[in-house]
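A.B. asks: Dumping the structure here so I can ask a few things about it.
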Amino acid sequence: MKVKVIGSGSMWNQYNSACYLIDNNIMVDFPNGACKYLYREDINSNIINHILITHFHGDHYFDLPFYILNKARSINKDVVIYCSKDGKKKINKLGLLAFPNSFKDACNSFNLRYNFNDEFKIEDYVVYKILVDHGRMKPAYGYVFEKNNKFVGFTGDTCLCDSVEEMAQQCNYLFCDCMFEFGTNKHQGINDIKYLANKYANCIFVVSHMENKTRELLNNLNLKNVIVPEDGIIIEI
Ligand SMILES: [Zn+2]
Ligand SMILES: [Zn+2]
């Protein structure tokens with residue numbers, strides 16, 4: 001698996017909002033600014049065929065209308081969006097707000113499907129959708145990819161909860177929320193990452209959704225089995 005960290009920041013800084021491109025084909029979340037950033041990295045978003053949305057805060061899906069309009073002009077016409085059941089309605093509402101005259105036609109011009117299952121296959125991966133705890137935002141999901149007995153997880157936005165511990169226990173790599181210095185009931189903090197990295201020493205934690213201060217502290221801490229990525233880096237697993 002090749003994971004390109006498209007965004008490692010929170011909404012409130014110069015870094016892109018948290019999202020990842022897997023094997024040049026699968027996106028985990030599609031936040032504000034993702035399409036433009038992909039262009040700047042010489043990647044046309046129309047190569048993406050699978051999009052997993054963790055939850056429906058704007059910094060995780062607001063670029064979908066741009067992606068969908070671009071896809072309508074492409075010859076690569078297969079798209080599956082994996083998300084919670086309310087997702088289709090939310091994405092359509094956003095798309096119609098963004099492009100009232102052309103969004104519907106764009107959606108109808110290619111093969112756009114939705115998948116709300118808790119387990120599904122993408123290429124050679126088996127993917128599990130796991131409910132996490134992101135405060136009042138319900139539902140919020142993480143995803144775990146499995147192939148050849150290797151497990152790679154993405155927590156999405158979450159506080160430290162049993163699901164995150166299950167993912168940490170199972171995964172070789174876990175891309176996870178670490179927004180603050182100290183965790184809250186919505187997001188994890190460095191204190192949570194320290195706890196996880198110590199308890200689940202076989203897992204490599206790739207932190208994301210960071211405020212600038214959190215990034216600076218994490219870079220100074222230099223924790224074993226914790227990667228603090230810059231936007232654009234590629235992690236081969
Ligand atoms: Zn959120
Ligand atoms: Zn977020």
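A.B. asks: Could you run the Karplus curve 6.51 cos²θ - 1.76 cosθ + 1.60 with θ = phi - 60° over segment 52-59 and give me ³J(HN,Hα) per residue in whole Hz, x for Gly and Pro?
C.D. replies: Karplus-based 3J(HN,Hα) across segment 52-59 equals 9, 9, 7, 6, 9, 8, x, 7 Hz.
A.B. asks: Pull up all non-local amide H partners of PHE205: gap of 5 or more, or a different chain, and H-to-H distance under 5 Å with H placed in the peptide plane.
C.D. replies: Sorted by chain and number, the residues that satisfy this are LEU174, VAL226, ILE227.
A.B. asks: Return one number: the angle in degrees, 0 to 90 and rounded to the nearest 10, between the long axis of the Cα atoms of helix 212-221 and the longest principal axis of the Cα atoms of the chain.
C.D. replies: Roughly 40 degrees between the two axes.
A.B. asks: Segment 1-50 to segment 118-133: how many Å between their Cα centroids?
C.D. replies: For segment 1-50 versus segment 118-133, the Cα centre distance is 19 Å.
A.B. asks: Let me ask you something else. Over the Cα atoms of segment 18-101, what Rg and Dmax result, in angstrom?
C.D. replies: Just the Cα atoms of segment 18-101 yield Rg and Dmax of 11.8, 33 Å.
A.B. asks: Can you classify segment 2-236 as rounded, prolate or oblate using the Cα gyration tensor, where a ≥ b ≥ c are the square roots of its eigenvalues, rounded means a/c under 1.5, and otherwise it's prolate if a/b beats b/c and oblate if not? Provide the component values of the computation, followed by the final result.
C.D. replies: On the way: a/c = 1.73, a/b = 1.59, b/c = 1.09.
The shape class here is prolate.
A.B. asks: Residues with amide H under 5 Å of GLU181's amide H, sequence separation 5 or more or different chain, H placed in the peptide plane at 1.01 Å from N; which?
C.D. replies: Here the answer is ILE190, since their amide H atoms fall under 5 Å of that of GLU181.
A.B. asks: Between 0 and 90 degrees, rounded to the nearest ten: what's the tilt of helix 190-199 against the longest Cα principal axis of the chain?
C.D. replies: The angle comes out at about 70 degrees.
A.B. asks: While we're looking at this one, here's another question. Per residue of segment 35-47, what does 6.51 cos²θ - 1.76 cosθ + 1.60 with θ = phi - 60° give for ³J(HN,Hα)? Whole Hz please, x for Gly and Pro, Karplus curve as stated.
C.D. replies: In residue order, the calculated couplings are 4, 4, 5, 4, 4, 5, 8, 6, 10, 7, 4, 6, 6 Hz.
A.B. asks: Return a whole-number percent for the relative contact order of segment 2-236, with Cα pairs under 8 Å and 6 or more residues apart as the contact set.
C.D. replies: For segment 2-236, the relative contact order is 18 percent.
A.B. asks: Right, something else. Taking the Kirkwood radius as the inverse of the mean 1/r across Cα pairs, report the Rg/Rh of segment 43-153.
C.D. replies: Looking at segment 43-153, the ratio lands at 0.98.
A.B. asks: Using θ = phi - 60° and the Karplus relation 6.51 cos²θ - 1.76 cosθ + 1.60, list the HN-Hα couplings for segment 84-89 in order, rounded to whole Hz, with x at every Gly or Pro.
C.D. replies: 6, 4, 7, x, 4, 5
Every number in this text was worked out from the coordinates using simple rules, so none of it is lab data. All figures in this text were calculated on a predicted structure; none of them were measured in a lab.
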